[in-house]
Amino acid sequence: MAKTDLKYKKQNLLAGFFGKKYGEFLYSGTLAVETALISAEIKPGDYVLIPNNVCYRILLSLARLNAIPIIITPKNGYVLTEFEIMKALEQFPVKAIILVHNLGLPVDVSAIKNICGGRVEIIEDAAQAWDIKCKGNSIGKSSDYVITSFGISKPLSLGVGGAIFSNNEKFRHLIDNYNNNSRVSDRLLLPYALPASVKFDVNKLINIANNNVFHQRSIANVLIKELKNMGLNFWELCDGDNPTWHRFPVWTDSRELFNNLITQADRCYIRYELPHKITLDGTPMAISLNSIHMDYSEKKYYHILIKTRQNLLVNIRRWTKIIKSKNLKK
């Protein structure tokens, strides 16, 4: 095995789980996105398409590159589809798209790639995804780059750092790896590499992710089974879909039903989140960047996002049983 292969053994091992050959560990998932954008040769004035629910720090990376964000609110409320991508491509010369598996829900990257052809770089944000499939297609199959985060709440929960993966090794030449080659480089390097002092076992990290996602899917399976026919909406699966279920979204147009969900969730010790009241397009940062907003959201719904990893099955079963009984009495 060559020295360069030994050096990147852990990175390349993890890259395989994201459908790519090469990987690099960085300080954060946000810096991984920025590295992908630079590797994709995003220049000042280039249009970059992002969903309205992406991490707000992505705007910092776009600001540093003087790129123009096109912020899209998806029709389904959670992930971008071919519909929104086609609308954007009809109006703007988009150079790159960041597709986020928001809440661990699958994005049809293959279908979007077919629309874009080879003229648009696709960056797949898998920070909340692990072992995810969309219509039978695995992660990384159709994207140019895959990025992830090692944040404590993520499937790969190391607590610090992130990673970038690709089948093209050129992104590695952008990063300062604190070695002699970096010292004599003829280009400005990005000081983003995760220091060697951050020690971890990749195989152990993978096992943690597998265990986390197994529990998350167990919770989701119970919710899907128990919440049927109760006037609630949740994510519809296509054949071949295998979500990570980082969160399990439930929504309704009934304020009364929503209030009941929240009240009983608190009584049953259910861990949940409510969507941010301030969306990305409304932040001062987005406004200062003269970003473009395209809103395809449907009518107003009340959403609750169930934390799948932090909840116990016994509490979930108790909660759904109470919700069912109260619905039957109406």
Study note, to complete from the structure: In the set A163, A196, the lone residue that is in the same structural domain as S28 (by TED's automatic domain parsing), out of contact with any helix residue (DSSP H, G or I) (no Cβ under 9 Å at 6 or more places or on another chain) and not in a helix (DSSP H, G or I) is A196
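Would you check if S291 is hydroxyl-bearing (S, T, Y) and closer than 30 Å to L60 by Cβ?
Working: hydroxyl-bearing (S, T, Y): yes; closer than 30 Å to L60 by Cβ: yes.
Yes, satisfied.
Looking at segment 166-176, is at least one residue within 19 Å of the chain's Cα centre (by Cα) and surrounded by 13 or more Cβ atoms within 10 Å (Cβ to Cβ)?
yes
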Exercise for review: Would you check which residues across segment 64-108 are without any contact (Cβ under 8 Å) to a residue 60 or more places away in the chain, surrounded by fewer than 20 Cβ atoms within 10 Å (Cβ to Cβ) and basic (K, R) and list them?
Suggested key: R64
**Study point:** Number of the condition not met by L103 [criteria: (1) assigned to a loop (DSSP other than H, G, I, E, B); (2) of a type outside the set (S, T, Y); (3) in contact with a Pro (Cβ under 9 Å, 6 or more places away or on another chain)]
**Key:** (1)
**Study point:** Flag for L158 being in contact with a helix residue (DSSP H, G or I) (Cβ under 8 Å, 6 or more places away or on another chain) and either in contact (Cβ under 8 Å) with a residue 60 or more places away in the chain or at positive phi (or both)
**Key:** no
**Study point:** Residue pairs meeting the criteria (Cβ under 7 Å; at least 6 apart or on separate chains; first free of Cβ contacts under 8 Å to residues at least 60 places away in the same chain and farther than 14 Å from I175 by Cβ, in segment 11-40; second surrounded by 21 or more Cβ atoms within 10 Å (Cβ to Cβ) and among the small types (G, A, S))
**Key:** N12/G23
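Quick grid of which residues meet (1) touching a helix residue (DSSP H, G or I) at 6+ places or on another chain (Cβ under 6 Å); (2) among the aliphatic types (A, V, I, L, M):
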site: Q216; (1), (2): no, no
site: K228; (1), (2): no, no
site: L237; (1), (2): no, yes
site: H246; (1), (2): yes, no
site: V250; (1), (2): no, yes
site: D253; (1), (2): no, no
site: E256; (1), (2): no, no
Check your understanding: For segment 276-330, which residues satisfy the criterion of being under 20 Å from the mean Cα position of the chain (by Cα), of a type in the set (D, E, K, R) and exposed (fewer than 11 other Cβ atoms within 10 Å of the Cβ)?
Key -> K277
**Study point:** Elements of type strands (runs of 3 or more DSSP E) in segment 1-80, at least 3 residues being more than 14 Å from I164 (Cβ to Cβ), modelled with pLDDT of 95 or more and aliphatic (A, V, I, L, M)
**Key:** 47-51, 68-73
Exercise for review: Say whether the condition of being within 20 Å of the chain's Cα centre (by Cα), in contact (Cβ under 8 Å) with a residue 40 or more places away in the chain and farther than 17 Å from P106 by Cα is met by at least one residue in segment 214-235.
Suggested key: yes
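The values are calculated or read from the model by the stated rules, or taken from the named source; none is laboratory data. Predicted model, so just to flag it, every value in this text is computed and none were measured. When we count neighbours, we look across all protein chains shown, and the Cβ atoms used for this are built from the backbone with ideal geometry, even at glycine.
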